[in-house]
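Everything below concerns the one structure shown next.
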Amino acid sequence: MASDRLVFVPPLNKRIVVPLHTTSLTIYCLCPDVTTLRAQVDDSKQKLDLDFTESKIKTISSTSIEVAIFADGATKHGNLNILSSIKDRGTDENFITEISLSEDEELKSQRVAWLNVDDWEGWAWYRPRDTWIEVRYTSLVKLDSQTPSHSLLLRPTNPAIDPGAILAVFPASTAEAFVTLSAARDGEVPGVYARVRRVQKGGKIEVCITGKLHINQGTRNVMRDAIHLARIKYGLPADASFIEEKTGETPFDRLGFCTWSSIGENIPLTYDLMDDLLTKLNRDNVQVGTFLIDDGWQDIRYGHNGSPKHRGLWSFRTWQGMKSSLADNVSLIKKKLPMVKDVGVWMTLAGYWNSVSPYSPLARKYNMRMYPIDRSNVLGIEWPDEADDQQTGTIPDPELRAYFLPPPHRAFDFWRDYFQTQADVGVTFVKVDNQAYGSYLEGVEGGEEFVALWNNMIKAANQIFGKNRVIHCMAHYERFFNGDIGMGVATNGEKVIIRNTDDFGLSRPNIHRNHIHYNLYNGVLLSNQCLYLDTDMFMTSAQWPEYHAVLRAFFDGPIFLADKPGVGDFSVHKKLTARCPGDLVPNRVVRAKNIICPLSRNVWEDTLGPGRGPPIKASSYDSESRAASIVLWNGRSDAVDNSIDIIFEGDILDVLRDNIFHGTWEGVIWACNAATAIPVEISNHPASLSVHDILASTPVLATSIKPKGYEILTVAPYNVLGTAKVAVIGLVDKYAALAGIQSITVQESSLVVETKYDGILGFIVKRLGAGGFTSRIDGESTETQINSVSDGLQLVQVDFTQAPSRPSQKTWSVTLSLS
């Protein structure tokens, strides 16, 4: 066996931060196929051989240690870089830099004095493409000077700063000025600079960059707190109390279907293609409740906007080759798929990819004007070649063309009429794409037009369709990612839907694991704002289906299928959907109540590297069940190696942070795919939890996940039920097993679970005496299935997928009783 198959936790050749006065360090080696293993440690003062006991090195104390691992004749060398915290618990700090634009300033650069480039490294949310923002790891010394950064999450590299410190940096844009960050440019003193662009004429404008420093508290809340500082500058409450959660049902609460990949990307839609798709969906009984007509339906013209390939909107009708009206297609959808309640259509913020044709009736009716494109507005973009033009709507030389758009005083009229035309034929929601491309409209006048287009689009959509009926796509720019829309200022606290990352399934290396990675890290930033996060459509019959399905079950945005006509994996559909009481078909999406975020120690791990190593790890806490889900994805490079890791007691405490408990926590971890339960008992509950606290805690289980694989761990506490201890692990036939639980109540020798979704409810039972169980659904007796899953633990399942319901009923009541 080669030594590169050894996996160490914490890893070699990475820095390890330990609390002040730490005298020992335990390093674990995961080596399932090794027969002999020993370590030689050299701390420059002594050499000693250490035997591995239960696959671990014990009691190493130093600040820099060279380690040689001998495994079946092979040797692996590594370095342990141990950093000691300067103090047990430091002091949190707030930082604010205010920047003013005088009336005659259109652009301004200002150095952020409290960000020394030699002191920090971490995650930068770069804008590497015209409409998408992606997180990348960098030291501030190497921060890009051209590509804008929209936020930073940093840890110290300077030994004078407490190594347990975490710093979040948030440049807060407004509807009057956009602000991003970059490294120094030619002639500037080294540092991190705020780059401010005025997008409103006249007057003095102020923006700010906020920073929040946490000491030895992990990463869970530091970005949230930096955003709260910016909200205070806006005059909003420091917390999220002003944010308005959706009420009532929306089109995105039911499983959706999208035409984009299913009919074929960049293929113009026709009535016949639509009919074929719908016929096959009906034949296969694909129970979607929402349907999206994506790109390819609109009346457009080529060659009017700067290039023979450029496409401009001509009218609000369908294109001539579709041989049918929008009304005909909406009627066809409702006829072939009677369970569909909502139909939506696609367009872009500019009308179509290259705006509106200057020769169209729309241009005349709405007094449209030419707005030049200025590529220098957003530097550092990875521009596509000409072959990509059809896919992205961009060109290598945008300065060669202009956009034709309704001026600010006509923007509302344009959007009101456009939406009303669609609503008149039964359309109930819209997907508005390519939004961030408005960043390239030239000068202050172009900036004002960009702001007016969006403000009037959302105003018209709310008026015509109602609130929360717009999917904002390709909207990664200042106002959404780090500005007044994302923070809820522009929407008066109404949460809106934003596409969280670039498209699913693109032809790029490692695209599938990167899609998971970018969604999780963008979620760190956007989930703390006034936004619902859309992870894009996906396929259940191709391109790592369950790998992606799991992600969607743990985000709060819409879920759309995009399978080719006549194919699809119904087992995936069933794990994503259920009935609510009163529903006739199971097409409600089962989503976690809180989106998943990376585990505290996962933020700084190399989860995407080559060879064996840790998986991507994220968690979601559920307050009603006092339980949590941990989702693990194998993100190893090129999908050729297993991901290997350990889950510690500290990880369990990390995911249960919202559940403050006293004394001992006792419960189980249920591994969904492995179908096994691991008992856990934790008595230590520190007020703050650093990464070292986690790694110094007791290991609970080792994980090994195959390429393209995932695992879901449900962490659930015991409820004492007479002579038994019972953990509710949720709907075991769903990915987001805890999503439906509304309450758990102990009534003497019975446990009552109220759930708003149907399915198979699972319990892990530890019996303290003899006896069996009985179960009831809404008071009616039903059968239970009991299986032994590990020593002393049983899995009890109650299937109520066929349970009847009444329209007025809000939940099903499942009762488990000792017998």
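The values are calculated or read from the model by the stated rules, or taken from the named source; none is laboratory data. As the structure is a computational prediction, the values presented were derived from the model and not from experiment. FYI the Cβ positions are ideal-geometry reconstructions off the backbone, even for glycines, and counts take in every protein chain you see.
List the helices (runs of 4 or more DSSP H) that sit entirely inside the stretch 251-344 and contain at least 2 residues that are of a type in the set (A, V, I, L, M). Break it down into steps so the answer makes sense when it comes.
Working: elements: 259-263, 271-283, 326-336.
Where helices (runs of 4 or more DSSP H) fall fully within the stretch 251-344 and carry at least 2 residues being of a type in the set (A, V, I, L, M), they are 271-283, 326-336.
Filter the strands (runs of 3 or more DSSP E) completely within the stretch 604-671 down to those with at least 2 residues that are among the polar types (S, T, N, Q), surrounded by 21 or more Cβ atoms within 10 Å (Cβ to Cβ) and assigned by TED's automatic domain parsing to the domain that holds residue 814.
Here the list reads 616-622.
Go through the stretch 172-189 and give me each residue that's under 16 Å from residue 227 (Cα atoms) and of a type in the set (S, T, N, Q).
Within the stretch 172-189, 173, 174, 180 meet the criteria.
Please determine whether any residue of the stretch 770-792 is in a strand (DSSP E or B), within 18 Å of residue 579 (Cα to Cα), β-branched (Val, Ile, Thr) and in contact (Cβ under 8 Å) with a residue 24 or more places away in the chain.
For the stretch 770-792, residues in a strand (DSSP E or B), within 18 Å of residue 579 (Cα to Cα), β-branched (Val, Ile, Thr) and in contact (Cβ under 8 Å) with a residue 24 or more places away in the chain: present.
Name every residue in the stretch 117-159 that is touching a residue at least 40 places away in the same chain (Cβ under 8 Å), surrounded by fewer than 21 Cβ atoms within 10 Å (Cβ to Cβ) and in a loop (DSSP other than H, G, I, E, B), in order of residue number.
Matches in the stretch 117-159: 117, 118, 119, 144, 145, 146, 147, 158, 159.
Do we find a residue being in contact with a Cys (Cβ under 8 Å, 6 or more places away or on another chain) and surrounded by fewer than 24 Cβ atoms within 10 Å (Cβ to Cβ) anywhere in the stretch 576-590?
Yes, because at least one residue in the stretch 576-590 is in contact with a Cys (Cβ under 8 Å, 6 or more places away or on another chain) and surrounded by fewer than 24 Cβ atoms within 10 Å (Cβ to Cβ).
Restricting attention to the stretch 744-762, which residues are on the phi > 0 side of the Ramachandran plot and surrounded by fewer than 23 Cβ atoms within 10 Å (Cβ to Cβ)? Break it down into steps so the answer makes sense when it comes.
To start, the set of residues in the stretch 744-762 that are on the phi > 0 side of the Ramachandran plot comprises 748, 759.
Listed by number, the list holds a single entry, 748.
Among 632, 576, 584, which is the only one that is within 20 Å of the chain's Cα centre (by Cα), of a type in the set (A, V, I, L, M) and under 24 Å from residue 742 (Cβ atoms)?
Going through 632, 576, 584 in turn, just one is within 20 Å of the chain's Cα centre (by Cα), of a type in the set (A, V, I, L, M) and under 24 Å from residue 742 (Cβ atoms): 576.
Yes or no: residue 744 closer than 22 Å to residue 669 by Cβ and within 26 Å of the chain's Cα centre (by Cα)? Reasoning before the result, please.
Numbers: closer than 22 Å to residue 669 by Cβ: yes; within 26 Å of the chain's Cα centre (by Cα): no.
It is false that residue 744 is closer than 22 Å to residue 669 by Cβ and within 26 Å of the chain's Cα centre (by Cα).
Within the group 221, 216, 282, which residue is over 20 Å from the mean Cα position of the chain (by Cα), surrounded by fewer than 23 Cβ atoms within 10 Å (Cβ to Cβ) and not aromatic (Phe, Trp, Tyr)?
Result: 282 is the single residue among 221, 216, 282 that is over 20 Å from the mean Cα position of the chain (by Cα), surrounded by fewer than 23 Cβ atoms within 10 Å (Cβ to Cβ) and not aromatic (Phe, Trp, Tyr).
Does residue 302 satisfy the criteria of being within 30 Å of residue 366 (Cβ to Cβ) and without any contact (Cβ under 8 Å) to a residue 12 or more places away in the chain?
When the stated conditions are applied, residue 302 passes them.
Looking at the stretch 356-372, which of the residues that are surrounded by fewer than 22 Cβ atoms within 10 Å (Cβ to Cβ) and not in a loop (DSSP other than H, G, I, E, B) is nearest to the chain's Cα centre (by Cα)?
Restricting to residues being surrounded by fewer than 22 Cβ atoms within 10 Å (Cβ to Cβ) and not in a loop (DSSP other than H, G, I, E, B), the top hit is 372.
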